[in-house]
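Okay, so here's the structure we're looking at.
Values quoted throughout were computed directly from the atomic coordinates according to the rules given, and no laboratory measurement underlies them. In this text the structure is predicted, and so the values were computed from the model without any measurement. Ideal geometry is used to build each Cβ from the backbone, glycine not excepted, and the neighbour counts take in all protein chains shown.
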Amino acid sequence: MTSAVVTGAAHGIGAACVRTLVQRGFDVIACDVEPLPDSVLDADAPDALDAPDALDAPDAPDAPDGPAVRGRVWSMTVDVAAADAPQRIADEVAARCGELDLLVNNAGIGAEGHFADLPRAQWQRVMDVSLTAPFLLTQALWPYLRKPGGAVVNVSSIHGQRPLPEQAAYAAAKGGLENLTRALAVDAAPHGVRVNAVAPGFTRTRRWDEWMGASGEQAEWNRREVARLIPWGAPGEPDDVAETIAWLGTPDGPPLTGAVVPVDGGLGALAFARLQYDDVNHTCVEGEPPA
Ligand SMILES: NC(=O)c1ccc[n+]([C@@H]2O[C@H](COP(=O)([O-])OP(=O)(O)OC[C@H]3O[C@@H](n4cnc5c(N)ncnc54)[C@H](O)[C@@H]3O)[C@@H](O)[C@H]2O)c1
């Protein structure tokens with residue numbers, strides 16, 4: 001049995017990650033503050049029911065006192081920043097898998113606005129979800145991960161190194177997450193455990209839709225202008241990020257640790273391009289290169 005915990009698993013990159021890992025033979029404990037949609041629970045696992053560890057039939061009703069079980073995806077509704085979340089997830093790992101091969105700390109949130117107006121509570125919430133929860137969860141799951149081949153993949157962002165305007169808390173949390181990745185990699189290496197991060201650029205999730213605007217002329221213009229800034233010519237897909245996570249996270253994955261792998265179509269490699277954020281209507285416009 002090869003097992004993984006994925007946080008923020010109900011949508012976007014986390015959901016793609018669950019599907020990709022199941023296709024690669026992982027059993028996945030999928031954690032999200034929202035219930036998992038069927039499309040994630042029914043991750044493409046044709047052999048799921050043959051797995052000796054499958055605990056329940058795919059259509060079995062949710063256990064009254066436990067997470068839903070379908071094939072090789074077990075869903076847990078949990079806020080990763082809740083005080084009892086690390087222990088609850090660790091208990092689930094103990095009950096379902098006994099040990100763990102991969103932890104994907106994907107759940108992350110931001111708070112938009114000029115730093116001068118950012119309420120302390122919002123700053124704290126971003127830190128709790130996007131930085132403290134990955135630390136506490138890695139700590140709680142360490143007894144299960146601590147073995148040769150164990151891996152942690154943290155989901156950072158292009159903001160981790162190059163912040164866009166009005167994202168102070170998010171950028172600070174992601175920058176912290178990248179250095180946490182390096183620090184944990186150093187401590188984990190003697191045990192044969194790798195700790196890496198991926199840093200997505202613009203990725204087509206619901207967050208992208210919210211930012212660009214769902215439809216209309218303005219949304220089309222936003223999409224076109226942002227795509228024009230990306231050397232690859234288009235935003236990434238959640239599956240692109242999920243593939244990179246799976247590559248880093250498989251027990252026989254690459255001999256990398258403490259790395260932050262960009263999945264951004266070359267945006268982070270680009271000198272001078274600049275996005276400006278119009279704080280009135282939240283449209284993106286291309287800035288001028290510095291003189
Ligand atoms: N989409 C992008 O362009 C992009 C770019 C860079 C980095 N990222 C990072 O990728 C990760 C996933 O983002 P996404 O774009 O897939 O977002 P998304 O909104 O599509 O999905 C995020 C998931 O995390 C869950 N979540 C949020 N707070 C949670 C909490 N407290 N506890 C448990 N689950 C929680 C949400 O319910 C949701 O299912 C985030 O860490 C984000 O910062 C995204």
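Could you list Ile29, Ile158 so that the one with the fewest beta carbons within 10 Å of its beta carbon is first and the one with the most is last? Show your work: numbers first, answer last.
On the way: Ile29 26, Ile158 20.
Ranking Ile29, Ile158 by Cβ neighbours within 10 Å, fewest first, gives Ile158, Ile29.
Placing a label point 7 Å from the Cα of Leu270 along the Cα-to-Cβ direction, the residues of the range 219-240 whose backbone N falls under 12 Å from that point are 224-236.
Computed over the range 151-257, the alpha-carbon pair-distance distribution with 5 angstrom bins reads 2, 11, 17, 20, 18, 13, 8, 5, 3, 1, 0, each value a whole percent.
Shape class for the range 203-243, computed from the alpha carbon gyration tensor (a ≥ b ≥ c): oblate, with a/c not under 1.5 and a/b at or below b/c.
Take 73-81, 92-100 and order them by the average number of nearby Cβ atoms within 10 Å per residue, most first; the result is 73-81, 92-100.
For each of Val195, Val260, Val22, count neighbouring Cβ atoms within 10 Å of the residue's Cβ, then give the residues from fewest to most.
Details: Val195 28, Val260 19, Val22 22.
Least to most surrounded, the residues fall as Val260, Val22, Val195.
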